[in-house]
Amino acid sequence: MPHTGTATAPPRSPVTPAVTRSGQPADAAPRGGRSKGGRRRTADRIAGAVAGIAAQNVQAAQDYQQLTESMRQIAAAAEVTAGAAQRGLIAMDEVEERAERQLRAARHVIEFGQALQNLLHHTPPGPTTAPTGGPALARAELARQAGELGATVACVADVADQADLLALNAALEASRAGPDGRGFTIVADEVRVLAGTAELATRQIRDLVGEVRDRVAEIAAGPASTTGRAVTTTPATVRADLGAILSGAAEMTELAERARATAGAAGQRATEIATAAEQQVVVADLSLQAARRQSEALERSERAAEALAGIVEDVRDGSGGTGATTGPVEELAGAAEELTRAATGIGAALAEIDASARTAAEKGWRAAEAINRVEQAVQLAITRDAAGVERADALLAVLEAGRATAGATIEAYAQAGRDTLRHLRTVTELERLARRIDRIAGVVGTVAVQATMLAVHGAAEAVRAGERGTGFAKVCAGVRDLARDATDRAGRIGDLVVAVQDRIAEVRDDLAETGRQLRAEQTAATAGLTRLDEIDHAVRQVRGGGEEVRESAEALAKALSGVRGGLENVASAANQAEHLAAQAVLAARDQARGAGDLAATAGEIAARTDELPKAD
């Protein structure tokens with residue numbers, strides 16, 4: 001609060017004592033009777049008192065001018081205070097309006113944030129990784145069995161090649177046997193036919209097994225895999241940062257309420273200050289009216305003093321009586337009484353103005369200080385809110401990346417689903433191929449049986465041929481061994497085909513389950529993406545609310561700054577009015593003392609007048 005200096009008043013002019021014509025003080029002259037000398041001495045004393053009244057009137061006129069000017073300045077300062085207070089009230093209305101807007105904006109942020117919290121609370125965890133498309137072990141085992149089947153088929157192909165070679169040897173032996181080898185020729189032809197059949201079946205099986213291995217390799221690769229962590233980590237990131245944003249919004253709400261309450265209290269003080277300032281203007285106007293009555297009383301005093309001076313001169317010269325002094329003396333006493341009464345009233349009014357202005361200044365400075373504290377808090381909150389908006393921007397970037405990843409995850413699930421359907425179709429093709437292999441393997445078995453029968457028949461022919469059938473018998477033994485081997489290989493192929501079919505069925509079941517999982521996960525991922533879109537929308541609402549809070553807070557800070565400046569102006573104007581009132585109080589006290597001196601002098605003149613002889 002600014003220091004209020006101590007007011008001082010200019011020194012009063014000394015009151016000129018009443019003197020006689022001889023230069024002696026009037027009080028020093030002896031009390032006279034009705035003698036001529038006594039009358040002259042009394043007249044001299046009265047003349048001295050009248051001269052003192054003139055000097056007092058001059059000083060009183062100076063006091064009146066100073067007091068009048070002070071009262072005008074006080075009235076002007078009070079009007080400035082009242083005007084500043086009224087403008088402060090308007091500014092405080094704006095502060096309350098801005099605070100209300102900020103309060104609404106902050107509550108919107110909290111509302112949006114709570115809705116976002118609820119949204120995050122009900123967000124499903126979503127997939128963490130995409131399924132691999134079924135157990136890989138079954139597919140690996142199927143690939144191994146397909147490889148073993150291929151190796152077995154290769155052995156069967158060797159059997160077919162050997163059968164063809166034995167057919168050639170049988171033909172050579174039949175040629176050597178001559179007429180005895182006609183049966184050899186038939187057997188050799190049959191063996192050659194069976195060898196061709198076995199070779200064809202083997203080639204078909206080999207081709208089919210190649211297709212099986214290709215299909216199995218395709219299934220073994222599995223569907224496309226991806227990660228879905230963005231669907232779960234993004235809401236977690238939003239949930240972590242949302243607390244800070246809501247904390248800032250709650251702080252803004254508290255500050256808005258404080259600003260509104262402080263502005264309301266400051267507005268009440270400003271109203272009180274404005275009312276007090278208006279009352280000061282009224283009191284100053286009343287004091288000016290009293291001062292004008294003082295001016296009129298001074299004029300009456302001057303006229304009475306002039307009249308007494310003329311009468312006293314007549315009395316001193318002996319040319320007049322004392323009866324004419326009664327009117328001027330009474331007029332002088334009345335003027336002195338009016339001056340005293342007005343000075344007392346002005347002094348009391350000025351004391352009231354001084355106390356009121358001091359109180360107004362204190363209220364103004366306290367209100368300005370309270371507004372300043374709120375203004376500083378709002379500025380700090382603006383900085384924090386800006387950080388909250390930046391955090392929301394970062395969250396939006398995270399959400400954008402999460403949505404892109406979630407979209408890629410959904411597409412990966414869709415691709416994995418398409419792969420699974422394709423693999424299911426491949427499995428169906430594998431089942432068809434396995435059945436064909438099984439049928440052809442049956443042909444190989446039949447060929448082996450027939451080859452065994454031919455070997456028996458050929459052996460019988462070799463026996464009939466005697467010594468010429470020895471070589472052919474060896475060929476038939478080879479055919480028989482080869483047929484036995486072919487039978488074993490065909491049985492092995494059949495067993496492998498059954499195992500492959502069992503594994504294919506297992507893979508089919510796995511792929512079907514994988515398809516169901518993929519559809520479920522794709523649905524969950526799609527729901528997660530939808531929820532991310534909703535979260536993104538909610539975060540944008542929170543961010544927009546944060547922007548609104550920041551803008552309203554900046555407007556509030558500006559309004560608070562204006563109110564603070566207005567209150568400081570009010571307090572300064574009240575300090576000025578207090579200072580002027582203190583000066584005027586001193587002037588009023590001097591004037592009151594002068595009025596008392598004038599009244600005392602008027603009483604002395606009345607007493608001296610009673611000592612004069614009455615006119616005849």
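The values are calculated or read from the model by the stated rules, or taken from the named source; none is laboratory data. Just so we're clear, the structure is a prediction, and the values are computed from it rather than from any experiment. Glycine gets a Cβ as well: all are built from the backbone with ideal geometry, and neighbour counts include every protein chain shown. Each accessible area value is taken on the protein alone, full model and side chains, heavy atoms only, with ligands, DNA and RNA left out. Shrake-Rupley method; radii C 1.70, N 1.55, O 1.52, S 1.80 Å.
Things worth noting here:
Matching residues to (1) on the phi > 0 side of the Ramachandran plot; (2) crowded, with 20+ Cβ neighbours inside 10 Å; (3) modelled with pLDDT under 75:
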| site | (1), (2), (3) |
| --- | --- |
| T6 | no, no, yes |
| A9 | no, no, yes |
| G32 | no, no, yes |
| G37 | no, no, yes |
| R45 | no, yes, yes |
| V58 | no, no, no |
| Q73 | no, no, no |
| G88 | no, yes, yes |
| V109 | no, yes, yes |
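- Meets criteria (touching a residue at least 40 places away in the same chain (Cβ under 8 Å), in a helix (DSSP H, G or I) and under 30 Å from V209 (Cα atoms)) for D419: yes
- From the options T275, T340, T262, T322, residue that is hydroxyl-bearing (S, T, Y) and at pLDDT below 75: T322
- Residue match in the range 78-86 (condition: within 15 Å of E554 (Cα to Cα) and crowded, with 18+ Cβ neighbours inside 10 Å): no
- Restricting the range 380-425 to residues that are open to solvent by less than 10 Å² (accessible area, probe 1.4 Å) and of a type in the set (S, T, N, Q), the residue that is nearest to G546 (Cα to Cα) is T409.
- Any pair with Cβ under 6 angstrom, 6 or more apart, that starts in the range 330-347 at a residue that is over 22 Å from L586 (Cβ atoms) and ends at one that is open to solvent by less than 10 Å² (accessible area, probe 1.4 Å): E331/A304; L332/S301; L332/A304; L332/A602; A333/A602; A335/A297; A335/S301
- Yes/no for Q145 being in contact with a helix residue (DSSP H, G or I) (Cβ under 8 Å, 6 or more places away or on another chain), polar (S, T, N, Q), surrounded by fewer than 24 Cβ atoms within 10 Å (Cβ to Cβ) and within 30 Å of A416 (Cα to Cα): yes
- Filter pass, D438 being under 30 Å from L166 (Cα atoms), open to solvent by 80 Å² or more (accessible area, probe 1.4 Å) and part of a helix (DSSP H, G or I): no
Listed here are the residues, each with its yes/no results for (1) in a helix (DSSP H, G or I); (2) open to solvent by less than 50 Å² (accessible area, probe 1.4 Å); (3) of a type outside the set (S, T, Y); (4) at pLDDT 85 or above.
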position	(1), (2), (3), (4)
I493	yes, yes, yes, no
A520	yes, no, yes, yes
A525	yes, yes, yes, no
Q541	yes, no, yes, no
E551	yes, no, yes, no
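- Counted residues, the range 560-572 - those being open to solvent by 10 Å² or more (accessible area, probe 1.4 Å) and either among the small types (G, A, S) or at pLDDT below 75 (or both): 5
- Any chance A263 is in contact with an Asp or Glu (Cβ under 6 Å, 6 or more places away or on another chain), closer than 17 Å to G562 by Cβ and open to solvent by less than 50 Å² (accessible area, probe 1.4 Å): yes
- Considering the conditions (1) modelled with pLDDT under 80; (2) open to solvent by 10 Å² or more (accessible area, probe 1.4 Å); (3) touching a helix residue (DSSP H, G or I) at 6+ places or on another chain (Cβ under 7 Å), T197 is excluded by exactly one of them, (1).
- Taking the criterion of being surrounded by 15 or more Cβ atoms within 10 Å (Cβ to Cβ) and either without any contact (Cβ under 8 Å) to a residue 40 or more places away in the chain or closer than 18 Å to A160 by Cβ (or both), the only residue of the range 461-473 that qualifies is A473.
- Meets criteria (part of a helix (DSSP H, G or I) and under 30 Å from R176 (Cα atoms)) for D509: no
- Residues in the range 119-142 that are farther than 21 Å from T526 by Cβ, surrounded by fewer than 21 Cβ atoms within 10 Å (Cβ to Cβ) and at pLDDT 65 or above: A136, L137, A138, A140, E141.
- Here Y64 clears all of (1) surrounded by 24 or more Cβ atoms within 10 Å (Cβ to Cβ); (2) of a type outside the set (D, E); (3) modelled with pLDDT under 75 except the condition numbered (1).
- Pairs with Cβ under 8 Å, 6+ apart, first in the range 96-111 and closer than 21 Å to Q268 by Cβ and hydrophobic (A, V, I, L, M, F, W, C), second assigned to a helix (DSSP H, G or I) and open to solvent by 70 Å² or more (accessible area, probe 1.4 Å): A99/E257; A99/R260; L103/E257; L103/R260
- Contact map, the range 593-616: residues that are at pLDDT below 75 paired with residues that are charged (D, E, K, R) and surrounded by fewer than 15 Cβ atoms within 10 Å (Cβ to Cβ), Cβ distance under 8 Å, separation 6+ or inter-chain. Pairs shown: E611/R31; P613/R34.
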